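Scroll down for the structure; my scribbles are underneath it.
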C-alpha cells in the first residue's frame, strides 16, 4: 500500500463526514460515518501514526467551503452536453454529491488501515505499551563482545662474551629473575615474570548489562562480564585453557537516584563517575562506593559540573586500617562557538591508608593468630602491577619472603582538558591533555615507615602526562564510520597507584615508563568494528642505580573485532 494511502482514506472519510446536509434517508448513515471517522482519527493519534496537528488540519480542510472545487468539477452523473461546457452567467453551480458508502466498503477501508498500522509496527519494532508488563517498559538491555589478537614483543637481554652474571647485561631488557630476587626496601616490580620472551595470544571480553527504571527518579543497573577477581582494570580473559569454560563476574551493580535533571546519587558498583582519560581511569575500571554528581548552568553555552564520592578499597575485620578513596572533582564545559567545545576538570583524590607500614614484631601465633590486623597495610599481589616504589613490611628479625607495601602516600591532583571541534556534519577532531601529580610523596615519611636508611637515595618521581589526538566520527554505529587516534605519555613511578592503570600500555599496565600509541577503528557492519592499535613503551631511566631505571622495552600490537548492541 502506498505510504500516503491512510491520509488519502482519511481525507475521503472526513470529506464524507463533514459534507453538506444529505437527504433525510442518508442522514443517519452520514452521522454514523462521521462518528466512525472521528473515532478512527483519535485511534491513529493515540497510536502515534498521525499527529494531533495533522488530524486537526485534515478536519479543517475537509470542513472548508467547497466553492472552488465546485467551480471546476463536473456534476456527477451521466455524461451529456454540459460536461466541460463553459458556464452561463446566472446559472447555479453544479452540485457535487457525496455517494453513499456501504457498510462493506467502510469495513474494507478500516481493515486496510488496520493492516497497514500492524505492518508498520512490525517493521519499526513498535510495541503496544498496554500489552507489556509495567516493569518491562523501563528495561534497557545492552551488551558487547570483543575478540582480540595480541602480540607482545620484548627486547631480549644481551650479554658480553665473558659475562657470568644473570643481571650483568650490556643491552636489551633486564631478565625477570633480577626483579623477582628483590628482598629489601626499596623495590620495584617484584612480580614481573616475563621481560624477554615474545608472546602471542587471543583474548575475549564479553559484557551483558541491564538497566531497569524502577520509578521516574530511580534506576537500577546490573552488568555481567568475563574475568576474575585478580585485577580491577581488565575484563579480558586469555583463551587457551583446554577449552575450559570461562568465568563470569558481576561487573556493575548500582542504584541511581535522580530527583532533578542536574543532580544524581550513585551507590553500589558503578562505572567511573569522574571526567578524565585512560591515563588514570581505564575503561574497564569499576568503582565501589557512593558518589554524588551535579551540574549548574553558568551562562548560555557554559555550565559547571562536580562529583564527590567515597569508595572503600580494602576492608579488614580485625583491624582499623581500612583503605578508602575520597574524591572531589569540579569542572566546566564551554561551547566556543557553534562547532567547538572545551571541557576542563580538576580532581583531588585522597587514597587513605594505602601506604605500607613496617611491622615491628613477629607475626602473632597461637590463639592470637588471625585476630589482629597484622600486615593490614600490605599492597596485595592480586592488585599491584608494576612501577610503584615498594617497601618490605616484614619485622626486622624476619627471614621470610618479603611482604610488600607502597612506599609513598597517594594524594594525587589530576587536571584534564579536552577540546573537540566539529569539522563537518559527520567528522570531528579532539585534543586531550591529562596531567597528574602525587602530592603525597614525602621522603622523610617514607623513611619513618620503612624503618631503614636504604630509601634515602630515592628521588621524587611523581608526575604523569598524556597528550592524545583523535579524529573521525563521533560514534562507530553505521557501516563506513571510522576513528583514528595518536597518544604520547610519560608516567613516572609514583604518580598514581599502578594497580589502577590501563593494561593496554607497557605490556600489562603499570607506571614508570614513557611511550606512544597509535590506533584506529573501522565499522565494516552496523555496530561491528575492526580496530588496530600499536603501543611502544620503555622504562624511565633517571640515572639512579636501582631497578627503577633498569631497561624494559615492550612493543604491543592489538587487533580487535568488536560488536555491541
Can you find a residue in region 204-218 that is exposed (fewer than 12 other Cβ atoms within 10 Å of the Cβ) and either outside the structural domain of residue 272 (by TED's automatic domain parsing) or at pLDDT below 95 (or both)? yes
Considering only region 447-457, I want to know if a residue exists there that is without any contact (Cβ under 8 Å) to a residue 60 or more places away in the chain, surrounded by 14 or more Cβ atoms within 10 Å (Cβ to Cβ) and more than 21 Å from the chain's Cα centre (by Cα). yes
Pick out the one residue from 538, 527 that is surrounded by fewer than 18 Cβ atoms within 10 Å (Cβ to Cβ), in contact with a strand residue (DSSP E or B) (Cβ under 8 Å, 6 or more places away or on another chain) and closer than 25 Å to residue 459 by Cβ. 538
Looking at residue 552, is it in contact with a helix residue (DSSP H, G or I) (Cβ under 8 Å, 6 or more places away or on another chain), assigned by TED's automatic domain parsing to the domain that holds residue 466 and touching a residue at least 12 places away in the same chain (Cβ under 8 Å)? no
Could you pull out the residue among 163, 104 that is exposed (fewer than 14 other Cβ atoms within 10 Å of the Cβ), in a helix (DSSP H, G or I) and modelled with pLDDT under 90? 104
It is to be established whether one or more residues within region 343-355 are assigned by TED's automatic domain parsing to the domain that holds residue 411, surrounded by 13 or more Cβ atoms within 10 Å (Cβ to Cβ) and assigned to a loop (DSSP other than H, G, I, E, B). yes
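The rows are residues; the columns are (1) modelled with pLDDT of 95 or more; (2) within 20 Å of residue 417 (Cβ to Cβ); (3) outside any strand (DSSP E or B).
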| site | (1), (2), (3) |
| --- | --- |
| 269 | yes, no, no |
| 279 | yes, yes, yes |
| 287 | yes, no, no |
| 303 | yes, yes, no |
| 311 | yes, no, no |
| 317 | no, no, yes |
| 320 | no, no, yes |
Checked against (1) under 21 Å from residue 384 (Cβ atoms); (2) in contact with a helix residue (DSSP H, G or I) (Cβ under 8 Å, 6 or more places away or on another chain), residue 494 satisfies every condition except (2)
Taking residue 184, is it assigned by TED's automatic domain parsing to the domain that holds residue 279, surrounded by fewer than 19 Cβ atoms within 10 Å (Cβ to Cβ) and more than 23 Å from residue 557 (Cα to Cα)? yes
List the residue pairs whose Cβ atoms are under 8 Å apart, where the first residue sits in region 114-127 and is closer than 20 Å to residue 37 by Cβ, the second is surrounded by 15 or more Cβ atoms within 10 Å (Cβ to Cβ) and at pLDDT 65 or above, and the two are 6 or more positions apart or on different chains. 117/44
Return the residues of region 496-507 that are over 21 Å from the mean Cα position of the chain (by Cα) and under 17 Å from residue 538 (Cβ atoms); say none if nothing qualifies. 498, 506, 507
Considering 540, 561, 465, which residue is touching a residue at least 24 places away in the same chain (Cβ under 8 Å) and either within 30 Å of residue 225 (Cα to Cα) or touching a helix residue (DSSP H, G or I) at 6+ places or on another chain (Cβ under 6 Å) (or both)? 561
Mind telling me which of the residues 509, 472 ends up being surrounded by 20 or more Cβ atoms within 10 Å (Cβ to Cβ), part of a strand (DSSP E or B) and assigned by TED's automatic domain parsing to the domain that holds residue 232? 472
Can you tell me how many residues within region 190-246 are in contact (Cβ under 8 Å) with a residue 40 or more places away in the chain, farther than 22 Å from residue 266 by Cα and part of a strand (DSSP E or B)? 8
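The values are calculated or read from the model by the stated rules, or taken from the named source; none is laboratory data. Remember, predicted model here, so these are calculated numbers, not experimental data. Glycine also receives a Cβ, built like all others from the backbone with ideal geometry; neighbour counts cover every protein chain displayed.
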